[in-house]
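> Here it is, the structure, as structure tokens.
Values in this text are rule-based calculations from the coordinates and carry no lab data. All values reported here derive from a predicted model rather than from experimental measurement. Reconstructed Cβ throughout: ideal geometry from the backbone, glycine too, with neighbour counts over all protein chains shown.
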DNA sequence: GTGAAAGCGCTAACAC
DNA sequence: GTGTTAGCGCTTTCAC
């Protein structure tokens, strides 16, 4: 930001006034402009390699054209794809996105929310770590910044998600129909709605067959937590299937099963939830994980659209059951 | 951005002047301020839920405190970790980062570079897709925006990288010492310095034993390209080792080997380059991939530091050879 | 069709 | 110690 030419340099060089330059810049052709004037200005802009100072435009218009994204873990492909979905819409609408990775820490999350507020983003797409910081959120809402949640619910805020309850119910039903009966569940943290919905769906599916989960272990959606949950669950007698609240934990469970020499799907059925597609490493998995596909990229697009179009509604997108090979007839 | 209180509202409510509020905001305590005054202001700020308008500060200071990041693929954990490294430094120094994912398209890359310029970022950390767009880059440099490359070189621009040549040489030597002789190489695109350095290191290591590569196939650092390169290379007779310019392509090669029922490391040695650590899925790989660890997070940190401290130097960080199980004594 | 001038919210001299 | 004031670069009425 130095030795930089400003709008008056351009005006001077083109021999016109500031307003004329501004009009060219903003395509304000309501009062038709003489083409040659326009050309002169354009030439001056090119000659001077002029670019408007965004801050000045923003200050004047009181619009930043920026969107914030807050996710718990950007190294998780699931959230990367979400960000890409959001960005695909934002970019074509002239919005810039600020991606914030709270790294599963709510303190960090609060810092980022405050930061986004002071950056005056026009909207925030938010995937809270757990129970979000009410104060920061209120301050944001107070200021008139719109917030859309993705894949998580908070009372009174619009959400873009899938029907986790129904999908989990369906998955559990599928697994039960394959003959598995002693089902353990690796759940998400209690303060994450998504996880609770999935747990409820599973429980109700089991209940409909007169069953209850053999064990419920609380994980935190990480590979490691899935692994250690599975280790402890597998020491309980008679578990014949482990379902997890997301794929990452299911992978952890598979790892544990492998170490304990449990054969999947014969000794043990395993299923996840999410199905992040196109993970190259995952193609090494034989068999492929049984899971539910969540259209995360599209969830991101919908969320961005809601923000940009200033709509205040919640949306649910459909899921798809992936009949992988980690659950099979016994 | 509505019904928002500004600095004069705060001043009025606290019964002080604008400058006093500004001083509190900016911790300008050079002329000691009466603590009670400070308190009054702080209270007013809290009461009004006041937050300064960033655009106004930026305009006044002519500093955006923003950094841009441009990477070819944000779904690649390698670049995600790079971004995290950058962010870790940026955040603690009060900088905001704009992450741009060019998605391997140079057109997109150019758009993002232009966007970052018009956002007036103070510096850009850049991993070009291939040969970067000279025009956009020149415009950026012209404007006094500093650019640091990571893991890639462009003449006259500072770079933070590892010694790819030496590391690749060392890896190849290691593989040759294990007894492999008929080495094929899955290279990167010709216009990426990193890949060329690695290729040169490998070639020279082979040459030092009087050997040449049995085949060289050009990939583009994706899993798919590694897979198809390996398929074609393995149809050549007598290949006993495939090295790839990055891990992702090596994974693709492993996949191909598996399909062709080649036993690794017995029939075929495989090695990669990068070693993105902590990929959960990768723990399913038995054996672990032989590769070179590149400290990408630290590269990011160094790059951010160079930008923020306005230093104009290039830096090389050390690598580490990972003796995985995909290459072994024959 | 084009120009002049006010002011977006804030910071930093400079007064007092 | 605290207040007054002049812009930062731009957009946008309102004149002409």
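> Work out, in µm²/s and without decimals, the Stokes-Einstein translational diffusion coefficient of chain A at 10 °C, 1.306 mPa s, Rh from Kirkwood over C-alpha pairs.
Estimated diffusion coefficient is 71 µm²/s.
> Take the alpha carbon atoms of region A:164-294, find their radius of gyration, then divide it by 2.2 N^0.38 Å using N residues; give the quotient.
Expressed relative to 2.2 N^0.38 Å, the Cα Rg reads 0.93.
> Still on this structure, I have one more. Quickly estimate the mean residue ellipticity at 222 nm for chain B, helices only: each DSSP H run with n ≥ 4 gives -39500 (n - 2.57), and the total goes over all residues, rounded to 500.
-13500 deg cm²/dmol
> Before anything else, pin down the relative contact order of chain A: Cα pairs under 8 Å, at least 6 apart, normalised by residue count, whole percent.
RCO, chain A: 16 percent.
> How would you rank B:110-121, B:239-250, highest first, on the average number of other Cβ atoms within 10 Å across their residues?
Highest-to-lowest ranking by the protection proxy: B:239-250, B:110-121.
> Tell me, what is the FRET efficiency for residue B:142 and residue A:166 to the nearest 0.05, using R0 = 60 angstrom and their Cβ-Cβ distance as r?
For R0 = 60 Å, the calculated efficiency reads 0.60.
> In whole percent, what relative contact order does region B:164-294 give with Cα contacts below 8 Å and a gap of six or more residues?
23 percent
> Modelling each spin label as a point 7 Å along the Cα-to-Cβ direction, I'd like the residue A:216/residue B:323 distance in nm, to one decimal.
Distance between label points: 4.9 nm.
> Roughly what would the spin-label model give for residue B:4 and residue B:34, points 7 Å off Cα along C-beta, in nm?
Taking the two extended label points, one gets 3.2 nm.
> Using only Cα atoms, locate the centre of region B:197-226 and the centre of region B:93-120, then give the distance between them in Å, rounded to an integer.
After rounding, the separation between the Cα centres reads 32 Å.
> FRET efficiency for residue B:314 and residue B:131, Cβ-Cβ distance as r, R0 = 25 Å, nearest 0.05?
With a Förster radius of 25 Å, E is 0.85.
> Inter-copy label distances at residue B:62, 7 Å along the Cα→beta-carbon direction, one decimal in nm, shortest first?
2.8
> While we're on this one: If packing is taken as the average number of other Cβ atoms within 10 Å across a peptide's residues, how do A:228-236, B:133-141, A:193-201 rank, most packed first?
Ranking the peptides A:228-236, B:133-141, A:193-201 by packing returns A:193-201, A:228-236, B:133-141.
> Once you keep just the Cα pairs under 8 angstrom separated by 6 or more residues, what percentage relative contact order results for region A:1-52?
RCO, region A:1-52: 51 percent.
> Additional query: In nm², what is the average projected area of the convex hull enclosing the Cα atoms of region B:1-52?
Convex hull of Cα atoms, orientation-averaged projection: 3.3 nm².
> Also, quick follow-up: Distance in nm between label sites at residue B:119 and residue B:17, each 7 Å beyond Cα in the beta-carbon direction?
3.8 nm
> Then there is this: Using all C-alpha to C-alpha distances in region B:59-137, build P(r) with 5 Å bins and read off the rounded percent in each one.
Over region B:59-137, the share of Cα pairs per 5 Å bin runs 3, 16, 27, 23, 18, 9, 3, 1 percent.
> How far, in nm to one decimal, is residue B:6 from itself in the other copies if the label point is set 7 angstrom along Cα toward Cβ? Shortest first, please.
In ascending order, 1.8 nm.
> Another one. Bin width 20 Å, origin at 0, all Cα-Cα pairs of the protein assembly as shown: what percent of pairs per bin?
The distribution over the protein assembly as shown is 17, 44, 32, 8, 0, given as percents.
> Oh, and also: Once region A:38-187 is represented by equal point scatterers at the alpha-carbon sites, with solvent omitted, what log10 I(q)/I(0) does the Debye formula produce at q = 0.09 Å⁻¹?
-0.43
> Also: Pick from A:187, A:215, A:303: which residue has the top mean-square fluctuation in a GNM of chain A where Cα pairs under 10 Å get a spring?
Of A:187, A:215, A:303, the most mobile in the Gaussian network model is A:215.
> Between copies, how close do the residue A:155 label points come, placed 7 Å along Cα→Cβ, listed in nm from shortest?
Going from nearest to farthest copy, the values are 6.6 nm.
> Averaged over its residues, how many other protein chain Cβ atoms are within 10 Å of peptide B:99-105's Cβ atoms?
The shielding value for this peptide is 3.
> Hey, another quick one. With viscosity set to 0.692 mPa s at 37 °C, what whole-number translational diffusion coefficient in µm²/s follows for region A:117-162 from Stokes-Einstein and a Kirkwood radius over Cα pairs?
The Stokes-Einstein estimate is 301 µm²/s.
> Sticking with this structure for a sec: When you look at the Cβ of every residue in A:76-85, what mean number of other chain Cβ atoms sits within 10 Å?
Taking the mean over all residues of the peptide, I get 3.
> To one decimal place, what Kirkwood hydrodynamic radius in Å is obtained for region A:21-90 from all pairs of distinct Cα atoms?
Evaluated on region A:21-90, it is 15.6 Å.
> Averaged across A:218-225, how many Cβ atoms of other chains sit within 10 Å of each residue's Cβ atom?
1
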